[in-house]
Amino acid sequence: MDATWEDSGWERLAEGVGRCRLPRWDATVGLVAGRDGALLFDTGATLREGREVRMRAEAALGRRVTHIALSHPHFDHVLGTAVFAGVQVYGAVGTDGLLARGSRGADALRQDAVRHGAPAGEAAEAVAHLVAPHHLVSGELTLDLGGVRATLVNCGPGHTGHDLALLVPGGAAGRPVVFCGDLVEESGEPQAGPDALPGRWPAAVDRLLALGGADALYVPGHGAVVDAAFVRAQRDVLAARSGVS
């Protein structure tokens, strides 16, 4: 990864792998690039944020994003998708219904965005152009981006009923990188909304830890990059809250 990535606002995590933290809701967006394709992990909370992410990605890569994976169906992670024309979009099984235009789930996204401070007009515009996943992941799916393999893993349910993670294996001298979505949060306590399944959340985090192992970099949906010890400690907090082992 050259300085172009960092100049464009991406934090370097590994060769061909970066992330940026968006303002306002401190949501993380991941970027994984190979010779033939580029995968974005989440797209921001509005079309305006999506355009900012697209500009940063194209500045870093000198080409367009080809694939998008959505970590879970919450407004601050999915409402920027429509600005990426012609991409293939991936999500956990079940997200297609929640992100269908005109659905009850779409209106719930709009209401949630406004409740958390998004301008009403921007929320309505983003929901009117909502993009549901074209490809649904029930187990694992590996994308070959050209010299870089990115594995999408349905790790949930936990934070929601539909939590997708992304693993980029470490190279010869690199560490694996796991994008966790909101199964892990660093900038605050894990947020459990009405669609969370607290009793199953610790098992979802166990799957993340099995995926990345002890040496991986774990990228929360909000906050700084953490290690396996942080993830394990947060898993234990979640287990204590829900009364599971």
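The values are calculated or read from the model by the stated rules, or taken from the named source; none is laboratory data. On a predicted model such as this, the values are computed, not experimentally measured, just so you know. So basically every Cβ, Gly included, is an ideal-geometry build from the backbone, and we count neighbours across all protein chains shown. Ligands, DNA and RNA are stripped out before the accessible areas are found, and what is left, the full protein with its side chains, is counted by its heavy atoms. Shrake-Rupley method; radii C 1.70, N 1.55, O 1.52, S 1.80 Å.
Name the one entry in 199, 158, 174 that is under 18 Å from residue 13 (Cα atoms) and among the small types (Gly, Ala, Ser).
Testing whether each residue is under 18 Å from residue 13 (Cα atoms) and among the small types (Gly, Ala, Ser) leaves just 174.
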**OP:** Could you list all residues from segment 148-185 that are over 16 Å from the mean Cα position of the chain (by Cα) and either buried (at least 23 other Cβ atoms within 10 Å of the Cβ) or assigned to a strand (DSSP E or B) (or both)?
**Re:** 149
Original post:
Name the residues in segment 198-210 that are open to solvent by 20 Å² or more (accessible area, probe 1.4 Å) and either among the hydroxyl-bearing types (Ser, Thr, Tyr) or out of contact with any Ser or Thr (no Cβ under 8 Å at 6 or more places or on another chain) (or both), would you?
Top reply: 200, 203, 206, 207, 209, 210
Subject >> Set 240, 214: member being more than 29 Å from residue 45 (Cβ to Cβ) and in a loop (DSSP other than H, G, I, E, B) >> reply: 214
**OP:** Kindly check whether there is at least one residue in segment 30-50 that is free of Cβ contacts under 8 Å to residues at least 24 places away in the same chain, open to solvent by 10 Å² or more (accessible area, probe 1.4 Å) and aliphatic (A, V, I, L, M).
**Re:** no
Original post:
Out of curiosity, is residue 156 small (Gly, Ala, Ser) and touching a helix residue (DSSP H, G or I) at 6+ places or on another chain (Cβ under 6 Å)?
Top reply: yes
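Table: residues versus (1) more than 19 Å from residue 186 (Cα to Cα); (2) among the charged types (D, E, K, R); (3) surrounded by fewer than 23 Cβ atoms within 10 Å (Cβ to Cβ).
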site: 23; (1), (2), (3): no, no, yes
site: 27; (1), (2), (3): no, no, no
site: 56; (1), (2), (3): yes, yes, yes
site: 59; (1), (2), (3): yes, no, yes
Original post:
closer than 20 Å to residue 81 by Cα, open to solvent by 60 Å² or more (accessible area, probe 1.4 Å) and not in a strand (DSSP E or B): does that describe residue 189?
Top reply: no
Original post:
Here are 130, 145: which of them is in contact with a strand residue (DSSP E or B) (Cβ under 9 Å, 6 or more places away or on another chain) and open to solvent by less than 60 Å² (accessible area, probe 1.4 Å)?
Top reply: 145
**OP:** Determine which member of the set 99, 79, 109, 70 is of a type in the set (A, V, I, L, M), modelled with pLDDT of 95 or more, touching a Ser or Thr at 6+ places or on another chain (Cβ under 6 Å) and buried (at least 22 other Cβ atoms within 10 Å of the Cβ).
**Re:** 79
